[in-house]
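Beneath this line is the structure, given in C-alpha cells, with notes to follow.
The values are calculated or read from the model by the stated rules, or taken from the named source; none is laboratory data. Remember, it's a predicted structure, so these values are computed and weren't measured experimentally. Cβ coordinates were reconstructed from backbone atoms using ideal geometry, including for glycine residues, and neighbour counts include every protein chain displayed. Surface areas here come from the heavy atoms of the whole protein model, side chains and all, with no ligands, DNA or RNA. Shrake-Rupley method; radii C 1.70, N 1.55, O 1.52, S 1.80 Å.
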Amino acid sequence: MEHILNSIKKNNLLQADDIVGVACSGGSDSMALLHNLKSLEKELNIQVVAITVNHQIRENGASDVKFVEEYCQQNNIRCHSFKVDAPKLAMKKAISLESAAREARYGVFDALLKKGIVNKVAIAHHELDQAETVLMHLFRGAGISGVRGMSAVKNGKYIRPMLNVSKKEVLEYLKTNNIPNIEDETNEESNFSRNYVRNEIIPLILKKWPNLISAINNFAKSASEDNDYINKNLNDDAVIYEDKVVKIPLSYFSYDNALINRIIFKCLNSIGINKDIERKHIELIKDLAVNCDNGKRISLPLGVSALKEYEYITLTNKKKEKVHFATDFSFKDIIVPNFGKIITKRVQNFAPQENTLFIDYKKLPRDVIWRFRRDGDIFQPFGSGTKKLKSYLIDKKIPVREREFLPVLASGNEVYVIAGIEISDKVKLDGDLKSIIKIQTIKN
C-alpha cells in the first residue's frame, strides 16, 4: 500500500522519533495499517505501538483485545489495552451507543497523548470510510465545510494515512502479507447509522454508478479546497473571542450566507463545538439576529445557547464548569475567577478614577463578603430606592453572560458594592472622610 507512505510524506504526518499509536480493533483495516506502519519503522525512524479498546458492547470484545495482544506479542509490537463501558456512558449522556463508543475510545487516545505515551494516533480510515462520512454529513444537512470529509491530520495529533487507500487494496495487502484479522459482527447490523450507509445505501448506488466512491472523494477534495480558500479570506476582526463565549456583531449578519455561515461555524468551534451542529441550527442563529427582540435566547445542541444582547449575538458553551467564589472583605488584593482583580485600600482623599469606587467603611455591616451575585439579591442604587439587583443590571445593560461572574460585596441578600459598576446609597461618602475605602477593579 504505497499510498500510505505517499500520504505520510505529502501531508507531513510523521516526523523522526514519533511514537505512533495505531488504533487497532483487530479488523482488516486497522491490522493492515498496523502492519504497514511497523514495516516503515526504520525508514521513517519512528516507533509503532498498538492501542486496543474493549467497549463492552459485544460478547467478543475481550477476545478481540486478546487477539490484538497476541499478534503484537508475536510481532514485537508494544500493545496498550483498555476497557471502557460504552453502554453505561450512552445511558448516562442519553446518546447513541455508536457515539458513546467513539467518545470513550477517543478519551483513551487523548489520555495517552496527554501523558506522552504516544505523540500521534493513527486511525485506519480509508476511501470507503471517507465516502460514508461525506454522505452522512450530507444527509444531516451539512454545508460545504461538512462535506469536505475527514482530513489527513487533525489537531496535529490524529493522523489518517489511508484516506487514499481503497478497501480492495486493504484486502489484497492482508492476503499478500498473510496478516490475520477478525471482523466485528456488528458491522453487519444496519441499525447503526454508518452501517446503514455502508450496507444499504452505498451498495445500491454502486449498481448504477460503479465509480461512486472515487467520485464522492474527488468531490470532498474540491469542497475542501474551496472551503479553505473562503476561510482564508474571511474577515472576523470584530468578533470577540473569549473562553467558551464568543460575541458576533449584529452587523455581520448582513453578510452573504457563504460568509456569515462560516463565521458562525468558526465561532462555535472556538468554544469547543465541532459536531452535531447542522444547517438548521445556523439558520436559527441567523433568525435570532435578524428577527428577534433583544434578550431573546435559544438553545442549541451540546449545551450551546445563543443570546441576542444589544449589538451582539453571544454564543455560550453552557457546559462550562460552575465556578464558586466567596471570600471575606479585606484590604488585600483579591483574584476573582472569570473576572479579574479587586484592589481595596484605605485612602485619605476622594479622587474619582476610572473603574474605581469609594465607600464609607464605617457604614458596612461587619459580615460582608465578596461573592458572585445570586438570585434574590437586592440593591439600593446611589441616590435611589431599593430594587432587585437583576432589574438594576438590566437597566444598566450589563450582558447576561457577564452577570454570572459579577462580584458583589454583600451581607445576606443585600448588595453594597457591585465591583466596577456602582455602590449602594447606604455606604455613600458623607462629610466625614476619615474612613474612605477605595475599591478598584482590573478586569481580565
Pairing the Cα long axis of helix 97-115 with the longest principal axis of the chain, what angle in degrees results, from 0 to 90 and rounded to the nearest 10?
80 degrees
Between residue 363 and residue 284, what length comes free when the chain is fully extended (0.36 nm per residue of separation minus the Cα-Cα distance, one decimal in nm)?
23.5 nm
Determine the relative contact order of the range 42-91: mean sequence separation of Cα pairs under 8 Å and six or more apart, normalised by residue count, in whole percent.
47 percent
Given points 7 Å out from each Cα along the Cα-Cβ axis, report the residue 405 to residue 425 separation in nanometres with one decimal.
3.3 nm
Singleton cysteines, the chain, no second Cys beta-carbon under 4.7 Å -> 24, 267, 292
Find the centroid of the Cα atoms in the range 77-92 and in the range 1-29, then give the distance between the two in whole Å.
23 Å
Below 8 Å between Cα atoms, with a sequence gap of 6+, how large is the relative contact order for the chain in percent?
11 percent
In Å², what does the accessible area per residue of the chain work out to with a 1.4 Å probe?
53 Å²
Determine the dipole magnitude for the chain: charges of +1 sit on the beta-carbon of Lys and Arg, -1 on that of Asp and Glu, nothing else is charged, the reference point is the Cα centre, and the result goes in debye to the nearest 20.
1400 debye
Report, in deg cm²/dmol and to the nearest 500, the calculated mean residue ellipticity at 222 nm for the chain, where each DSSP H run with n ≥ 4 adds -39500 (n - 2.57) and the sum is divided by the residue count.
-10500 deg cm²/dmol
Sequence-distant aspartates and glutamates (8 or more away, or on other chains) whose Cα lies within less than 17 Å of residue 66:
183, 184, 185
Too long at a 21 Å Cα-Cα cut-off: which of 154/221; 332/426; 308/397; 244/396?
332/426; 244/396
Share, in percent, of DSSP beta bridges within the chain that are antiparallel, nearest 5:
75 percent
May I ask you to compute the full-extension gain from residue 350 to residue 299, defined as 0.36 nm times their residue separation minus their alpha-carbon distance, rounded to one decimal in nm?
13.7 nm
FRET efficiency for residue 83 and residue 110, Cβ-Cβ distance as r, R0 = 25 Å, nearest 0.05?
0.90
Quick one: of 114/318; 280/390; 9/115, which pairs are farther than 30 Å apart, Cα to Cα?
280/390
Please compute, for the alpha-carbon atoms of the range 351-429, the extent along each of the three principal axes and give them in descending order in Å.
32, 28, 22
Relative to the longest principal Cα axis of the chain, at what angle does helix 167-176 sit, 0 to 90 degrees, rounded to 10?
50 degrees
Measure nothing but the geometry: give the 0 to 90° angle between the long axis through the Cα atoms of 279-291 and the longest principal axis through the Cα atoms of the chain, rounded to 10°.
20 degrees
Once you have the Cα-Cα distance between residue 235 and residue 15, take 0.36 nm times their residue separation minus that, and quote the gain in nm to one decimal.
75.8 nm
For a quick protection proxy, order the peptides 171-180, 51-60, 215-224, 17-26 by their average other-Cβ count within 10 Å, most packed first.
17-26, 51-60, 215-224, 171-180
